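Coordinate-derived values only; no laboratory data. What you are looking at is a predicted structure, and each value in this text was computed from that prediction instead of being measured. Here the Cβ is made from the backbone with ideal geometry for all residues, glycine too, and neighbour counts use every protein chain on show.
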Amino acid sequence: MDARTPASLLAEPGNNRLLRRLWRDHLARYRGRMFVILVVTAIMAGLTALYPLVIDRAFSMFAARDRRILYQVPALVVIITAAKAASTYAQTVLTQGLVLRIIRELQARMFAHLTTADLSRVEREAPAQLAARFTTDAAIIREALTRAIGGIANGITVVGLIASMLWMDWVLSLIAAALYPLAALPIQRLGKRIRRASGGMQERMGEAAGMLTESFSQARTVRAYRLEAVETERANQAFGHLNKALMRMTRTRSAVDPMLEVLGGVAIAAVMGFAGWRAAVGTNTVGNFTGFVAALLIASQPLRALGSLNAAVQEGMAGLSRVFSVIDEQPGIVEQPGAVALPAGHGRVVFQDVRFLYPDGREGLRGLSFVAEPGMTVALVGASGAGKSTALALIPRLHDVSSGSITVDGADLRQVSLQSLRDAIAYVGQDTMLFDDTVGANIAMGRPGADPAAIEAAAEAAAAGFIADLPEGFDMPVGTGGGRLSGGQRQRVALARALLRDPRILLLDEATSALDAESEAAVQQALARLRAGRTTIVVAHRLSTVRDADLVVAMADGAVVEQGTHAELMSKEGLYARLVRTQAFAT
C-alpha cells in the first residue's frame, strides 16, 4: 500500500493551495465538529483493533481448555461489536453532515458568483456544462472529502492493528510491514494519472450534457427538418467521447485494488510461511499465530482503502480546482470605489461616441451617439448585426463600453451603483423564458413584495387577459421556461413584469414580435400610456412599432447612419426608407 499517511496524500504540492483554501474558507469554522469526529473515529478504530486480541485470547483459552471461554469471550465480542456499531453510526452521520454542509457552501458560493458574473462569461459556457459544476463536480468533491475523513479512520485502525500485531509477534509484524511500502510509488503515479483523467472525463460529461440540452430544446426543428439521423450521429459521437474518457478513468482507477490485493497476498503468504516454520520447530503458539493472521486479514480492508484514497483525492482535487476556478473569476462589470446612487430624474439617456469591442476583438459599436429624452420612444433599427441589441445591453451594464460614455440623468453609468441603475430599468427581450413558477410569481419578480392588485393591474396593462382563462389563473405553474404557455403569452407575462417595475427606462428588444395583431394593438395602447415621464428604447422591425417612435436611429455596422422621425427619414430616401420598404429589420 501507499506508505504515506492520509494527510501526506492530501498534501502533495499540487494540492496544497487547494487544501489551504478549503480549510481557510470552509473547514476552519467547524473545528469543534471535526474534533468530535476525530474522537469518535479513534474510538471506532480502537475497537476494531481489539478483535485480533480477543481472537488471540479465545484460542489461547481454547488450547488451555479454560472454561471461561464459555462466557468471557462471547461477552467481549458482543460488547465490542455493539460499541463499534454505535461509534460507526455516529462517525458516518457526523462526517456526512459536515461534508454535505461544505458542499452546500461551495455550491452557494459558486451560484452567487455566477449570478453576478459578466453576461459574456455565463454565455460562454453551455447551461448544462455550468450545471455539471453543481452536480457532478460536487459529487466528486463529496466523495473525496468523505474518503479523506474515512482515511483518517482507516489510518487509526491500521495503527491499532499494527500495535496488536506487535504485541502478539513483532517479528511477523516486521515481515508484513516490509512489503507494503513497495506500492507507494506506483500508487502515487496512478493518482496523478487519475487526476488528469478526471478532468477530461468532466469536460466530456459537460459536452455531452450540453449537446443533449441543445437537441431536446430544438425538438421541433429536429422533426420539422428531419434531422433525427444527424442528431443521433451527434449524440453517438458525444457518447463515444464520454465513453473513452470513462474507460480511461476506469482502467486507471481499477489498477489500484488488484495491485494491493497481490501485495496483501504476498504478505500473508510470507507471514504464514515463516509462522509455519516456527510452529514446526515448536517456538510459536496457535493463539499467537491465529490472532496475528486475523489482525492481518482485518487490516487488509483499511489498507486497500488507504491505497485507493489517493485516487479519490486526486479526483476530488480536480473537481475542487474547477469549482474554485469559477469562484475566482474576476468580473469585468464592477462598481467603481465610491459608486453613488443614480441621481433622481426621468430617464434621460445619452450615448456619446460609444465604442464596444467583443471579447474576441470584433467591433460591435463604432462611435454610436444619440440622445433619448424623458418621455421619448427611441427605436433602434437596422439589419442583423448592426449593433442594436448590443447598444441596448450597454444601458443596464450587461456589458461595458470600450470607449466613449453612456449617461443616465447626467450620471455616467460606470460611476453609479449597479443596484440603483438596474432598479431604474425594466427589460423585455424577444425570446422570453419564464421561471418555473406560477404566472403571478413571474410577474411579481418585477417588484418583489407587490400586492395582488398591483400584479393584476400590470397584467391588464400588458394585455394579458388570457390569465383569467387559465385553469388556476395567476396561480398556474408555467412549467420549465414557461413551456405551458404560448410564445405570445410568455411575452405578455414578461411585459407585465416590466410594467410592474414602474421603471424610468423601459428597454424592449422586439418585445411584441410574438403577439398577434389584436394583442399587439392592446399592448401598444398600454405602452403609450406608460411612456409618459419615462424613456423607452425599442429594438424593432415592425413598422407599427417604429412609426410612432419620437426618434428613429438607423444603424449599420455598429454606427448611426441617420436619425430622425419616421417621416423625416422616409423623406431622405436613405437606409431607413429602404428598410421600411423591404421590412428587413432584424433583432
**Study point:** Loop-located GluC sites (Glu not before Pro) in the range 417-486, at most 15 other Cβ atoms within 10 Å (DSSP)
**Key:** E472
Review point. For T116 and F435, what does the FRET efficiency come to when R0 = 22 Å and r is the distance between their Cβ atoms, rounded to the nearest 0.05?
Key: 0.80
Review point. Amide H neighbours of V560 under 5 Å, counting only residues 5+ apart in sequence or on other chains, H built in-plane at 1.01 Å?
Key: S369
Review point. Can you give the net charge of the other residues whose Cβ lies under 10 Å from the Cβ of R366, counting K and R as +1 and D and E as -1?
Key: -2
Exercise for review: Note down the nm distance, to one decimal, between modelled labels 7 Å out along Cα→Cβ at D412 and at I162.
Suggested key: 6.6 nm
Check your understanding: What do you get when you divide the Cα radius of gyration of the range 328-413 by 2.2 N^0.38 Å, with N the number of residues?
Key -> 1.14
Check your understanding: Where Lys and Arg each count +1 and Asp and Glu each count -1, what net charge lies around V334 among other residues with Cβ under 15 Å from its Cβ?
Key -> -2
Check your understanding: Within a Cβ distance under 12 Å of G574, other residues only, what is the Lys/Arg minus Asp/Glu net charge?
Key -> 0
Review point. Using a simple spin-label model with points 7 Å from Cα along the Cα→Cβ vector, what separation in nm is obtained for Q419 and M570?
Key: 4.8 nm
Check your understanding: How large is ³J(HN,Hα) for each residue in the range 87-93, as worked out from phi by the Karplus curve 6.51 cos²θ - 1.76 cosθ + 1.60 (θ = phi - 60°), to whole Hz, x for Gly and Pro?
Key -> 5, 5, 4, 4, 5, 5, 5
Check your understanding: For R124 and R24 in the same chain, what is the full-extension length gain: residue separation times 0.36 nm, less their Cα-Cα distance, in nm?
Key -> 33.0 nm
Revision key, fill the gap. If amide H atoms are modeled at 1.01 Å from N in the peptide plane, then the residues at a separation of 5 or more from G382, or on another chain, having amide H under 5 Å from its own are M555, A586
Review point. What is the ratio of the Cα radius of gyration of the range 408-454 to 2.2 N^0.38 Å, where N is its residue count, to two decimals?
Key: 1.48
Review point. Once Rh is set to the Kirkwood radius over Cα pairs, what Stokes-Einstein translational diffusion coefficient, in µm²/s, holds for the range 445-501 at a temperature of 37 °C and a viscosity of 0.692 mPa s?
Key: 289 µm²/s
**Study point:** Residues of the range 389-433 with amide N under 16 Å of the 7 Å Cα→Cβ point at Q336
**Key:** 397, 400-421
Exercise for review: Kindly state, to the nearest 0.05, the FRET efficiency for L470 paired with R68, given R0 = 56 Å and r defined as their beta-carbon distance.
Suggested key: 0.10
Practice item. Once you have the Cα-Cα distance between A229 and L100, take 0.36 nm times their residue separation minus that, and quote the gain in nm to one decimal. Key: 42.2 nm
Point to revise | In nm, spacing of pseudo-spin labels at R31 and A344 (7 Å Cα→C-beta vector) | key: 5.2 nm
Check your understanding: M376's amide H: which non-local residues (gap 5+, or another chain) put their own amide H closer than 5 Å, with H modeled 1.01 Å from N in plane and none for Pro or chain starts?
Key -> T536
Exercise for review: Kindly state, to the nearest 0.05, the FRET efficiency for I327 paired with L398, given R0 = 22 Å and r defined as their beta-carbon distance.
Suggested key: 0.55
